[in-house]
Every structure is written in C-alpha cells, then in structure tokens.
Amino acid sequence: MNKEDIKKVIIAQNEVIRKLRFIQRDYSISTVVNYADPFIQIVSGVRRSGKSTMVQHIRENNPEQDYSINFDDNRLTGFTIDDFEKLNDAFHELFESQKTYYFDEIQNIEGWERFVRRLYNEGCKIYVTGSNATMLSKELGTRLTGRTIQSELFPFSFREYLRFKGIEVQRNDIYSPEKSNQLKKTFRNYILNGGFPEYLQTDHPGYLKNLYESILYKDVIARYNIRNVRTIVEMIHYLISNVSKEASYNGLKKIFGLSNAITVKEYIAYFEDCYLIFSINKFDYSLKKQLANPKKIYCIDTGLANSISFQFSENYGRQLENVIFLQLKRNGSEIYYHKGKHECDFVIRENGKIVNAIQVCKSMEQPETRSREINGLLEAMKQYQLQTGIIITDDEEENLNINELTIQIVPAWKWLF
C-alpha cells in the first residue's frame, strides 16, 4: 500500500473512534490492562462486542495514544505484512515518537505476529484485539509464547445493560418492590434485545441480522474458503435455532447429508472460533467419553439469535438458559452439563472437581416441571457430592431442604445482579 493512503486511514479512523461512548464493563480496565507491565495485551471477542471502544478507553487513560489502527477497514484490503514498515513510518511522521501501539482486528493481516514480536523486542507496549479465537491463539503460541496476557470481551451482561440504560441499582434495591419490578421488566427486554452495544444505541431493525451475516460470510465462509455455502448456512441456523439442546457430529452429518462427521466438527470449530456459538461437553472423568458424547450449543447473544430464528425467540426457557450460560462464560467458569437418569443444565468444575450444579427453567409452577428440575439437580448434587445447588427461574424464589441437601430457587434477574 501507499504510505500516504495509510496516513489518510489513520487520521480518518481517529476522528471516528474518539466519538465512541464507553460504558464501564463488569470488570474494570485495571483488571484487564496493566499499563506498566511489558506484556502484549490481547482482547478477543465477537465482532461489535465493544473491543474497539475498550481500546479507545485504554488509549484515553494512557499518555501515548496515537499509534492506533483498525484493520477491519475496506480501505486496508490490500494491506500485507510488507506494509507494516510503512505503517510504522506513517505513525512516526504523523505524531511524535511513542512506544505504545494499538492494533484492532489484527488477525486480518497474515503474519502480523512477526511485526508485533519485533516491536515487543524493541521495548514497545502493544494492545491487540481480534475476533477469531483460534487464529490468535495459534499465531501467539508459535511466536509470542509467554509474552502475552489475554482476555475475552462479550456483549453486555445484564449489569452492563442496566448501566447502558442509565438504571442505577444498589444491592438493597432487590428488596424494593418498585425497583425489583423495574429490574424484572428490564431483564425481559435484555433477553429480547441482547447486549450488542451498537444495536442498543441505534435500535436499527436490521442491525443484528446484518451483523450475523457479516460474521458468517467474512469470518467463516470467506476466511476458510468454504465451497458448500448452503450447508454451512443451514447448519449454523439450525444450531442457533436449537440452542441448549444436544447435538452430535453424527446426527448433524445425517441431517445435512454430509459424507463424514469430521466436516461437521470443522464447521462447528469455525463457528466457535468467530464466537458465534459455544459448545459444552457432557461431564465425564474420561476425556475420551466427553468428546464422544453429544454437545450442547449456546449462542453468543440472545438478541442475535432472536433476530434470525423464530424457533428460538418463541422459547423463553431456552433464551433464559442461554443468558445464564453466557454469564458463567463471562465469569471464566469451566462449564459442562450432566446427564444420567436425569439431566442438569450446568455443572461447574474447578481444579478438577465439580463445585456447583445449576438448573435453569422458566417456571416451577407445573408439578411435572418442578419434579423434573429438582430430580435432575439432586442427581447431579449426589453424584458430585455437593451440599447445595441452584435452580434459576424467571421470577420464583424459594429455599428447599431435601434429605439434608439445600436447593436455592432464585430469579434470573437477581442471580445476574
């Protein structure tokens, strides 16, 4: 690329990004970023989850803020690894000499890690964002091992959604009828709309569908040179329409008429790499059995799923389960599901041991539902020797003691808060 064209992109991007509105995330910037340490800071996550805004917030709190560029820009389509030197020259010609760099969506440039390592070896501080988990991990692992600190950014959590809406909540507010009613109403809107910041700002009816198609076509079909486009489009739509249900590679192979299950496995890996979906295993102490059993699938955002699947949007219980899964994921939990004679939606492992069991359902009012949810949770608690378990509902609260085991039934909005 021409160096003067690169300069124009830098200046144009700076004018846009400085107008971004930052919403304080659940964790403070200080827990994600240490300005003083020498490590390369990596923030990964789905497109439009707020990574660029977070980088801008980091820049605003750093004396050196000028060496910044977002590679997800059509004006940089021809940019290659050979152009990094021109980019560096452009920075130095436009601004005073600095040692801090900010690179957004850097995985778009093949071989980027070589340039970043050179900057690191020269004593520079580098912040990098990307929207492909495996590409970042692979490239970092080969050339930048031990030099990085990584974190993931998701669309807004419920607490962040409240903050975005300007709703201030103190811990004791959950005991106020007026405030709790506001929280319940806001939570149901959150499930419907999801947490993508720009969609919540614009409320544009086609935003989420366009975002979904952009991720699918740019980050999966184009990146991996997929030829069987129809099948991969149908498969991701099927998976998102059947969130929280079990899916096996062989079962999907039959549904879509594919010749082998390896293709299905690869497609799901592509979907997970770009953060469209997540999969969890049935817990088993045997890793081989874990991998052989069906997986449960969850979507990155309920608003996104609602925008493309009527089947998903009509089932509030599965939307609720997806929201709980995402919060567990944000918390960094190691998540599985349990299935024996009965089922338990989530079991959480820490240091090789199951430490928590969680059921999720819309309501416990129906006797059959109540029995099913309690029995599934009790089975998991007994198998993993847990004294307490949780059932998360839409708006029910109760404590149960059954054979010296304690079950807490709690509303989702309160558990998330």
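See the values below:
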| read-out | value |
| --- | --- |
| Pairs where the first residue, in region 103-115, is closer than 11 Å to D73 by Cβ and the second is β-branched (V, I, T) and buried (at least 21 other Cβ atoms within 10 Å of the Cβ), C-beta under 9 Å, 6+ apart | D104/V55; D104/I69; D104/V128; D104/T129; E105/T129 |
| Condition check for I240: on the phi < 0 side of the Ramachandran plot and exposed (fewer than 12 other Cβ atoms within 10 Å of the Cβ) | no |
| Helices (runs of 4 or more DSSP H) wholly inside region 298-365 containing at least 2 residues that are closer than 23 Å to Q408 by Cβ | 316-330 |
| Set K295, K254, K218: member being closer than 27 Å to S151 by Cβ and free of Cβ contacts under 8 Å to residues at least 24 places away in the same chain | K218 |
| Neighbours by Cβ (under 9 Å, 6+ apart or cross-chain): first from region 12-25, within 17 Å of I167 (Cβ to Cβ); second of a type in the set (D, E) and modelled with pLDDT of 75 or more | I23/E160; Q24/E160; R25/E160 |
| Identity of the residue in region 270-295, modelled with pLDDT under 95 and of a type in the set (G, A, S), that ends up surrounded by the most Cβ atoms within 10 Å (Cβ to Cβ) | A292 |
| Qualifying residues in region 99-115 (those that are in a loop (DSSP other than H, G, I, E, B) and touching a strand residue (DSSP E or B) at 6+ places or on another chain (Cβ under 8 Å)) - the one modelled with the highest pLDDT | K99 |
| Those residues of region 193-228 which are loosely packed, with under 15 Cβ neighbours inside 10 Å and either assigned by TED's automatic domain parsing to the domain that holds F417 or on the phi > 0 side of the Ramachandran plot (or both), in sequence order | D203, N225 |
| Residue that is farthest from I391 (Cα to Cα), among those in region 302-322 that are out of contact with any helix residue (DSSP H, G or I) (no Cβ under 7 Å at 6 or more places or on another chain) and of a type outside the set (S, T, N, Q) | F310 |
| Checklist (1) within 29 Å of Q107 (Cβ to Cβ); (2) outside any strand (DSSP E or B); (3) of a type outside the set (A, V, I, L, M); (4) at pLDDT 85 or above applied to F187, failing item | (1) |
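The values are calculated or read from the model by the stated rules, or taken from the named source; none is laboratory data. What you are looking at is a predicted structure, and each value in this text was computed from that prediction instead of being measured. All Cβ positions, even for glycine, are placed from backbone atoms using ideal geometry, and neighbour counts span all protein chains on display.
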